[in-house]
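See below for the structure under consideration.
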Amino acid sequence: MSLEAHNLFEGIPSILQEELFQTLAESGAVRIERIISDGHTTTPGEWYDQRHDEWVLLVSGGATMLFDNDPTPRLLKPGDHILIPAGCRHRVERTDPLQKTIWLAVHFDGITQATT
């Protein structure tokens with residue numbers, strides 16, 4: 001086993017034609033990924049609708065997310081995190097056009113939401 005350190009902020013392309021999804025680690029039903037947005041949004045009329053739970057942390061930049069059945073957009077700033085249950089349709093309405101938005105996402109099967 002190699003214990004090699006990596007940095008979440010390294011290796012980010014200066015130009016992104018589309019969002020960048022990179023798997024950082026995975027095992028069984030758990031996948032951890034880095035997502036990099038550069039003014040990207042979900043294609044108009046489309047929704048993410050996943051079969052697994054996703055916990056997402058906004059590390060840098062800014063974003064606005066919209067959830068089906070909730071008319072109020074969620075404005076996210078660095079440090080904000082949210083648990084998106086399986087089957088909860090959602091979309092990214094906006095990401096910061098002036099700086100890269102970096103997300104850390106953990107995909108997994110079933111959990112009870114923490115209170116902190």
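The values are calculated or read from the model by the stated rules, or taken from the named source; none is laboratory data. Because the structure is a prediction, the values reported are computed rather than measured. Counting neighbours? That spans all protein chains shown, and the Cβs are built from the backbone with ideal geometry, glycine included.
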Looking at segment 55-108 only, could you name the residues that are at pLDDT below 95 and charged (D, E, K, R)?
68, 70
Within segment 13-28, of all residues that are of a type in the set (A, V, I, L, M, F, W, C) and in contact with a strand residue (DSSP E or B) (Cβ under 6 Å, 6 or more places away or on another chain), the one nearest to residue 96 (Cα to Cα) is 20
Name the strands (runs of 3 or more DSSP E) wholly inside segment 1-105 in which the number of residues that are buried (at least 16 other Cβ atoms within 10 Å of the Cβ) and of a type in the set (Val, Ile, Thr) is 1 or more.
30-37, 53-60, 81-84, 90-95
Can you tell me which residue is farthest from residue 29 (Cα to Cα) among those in segment 76-113 that are among the hydrophobic types (A, V, I, L, M, F, W, C), touching a Lys or Arg at 6+ places or on another chain (Cβ under 9 Å) and without any contact (Cβ under 8 Å) to a residue 60 or more places away in the chain?
82
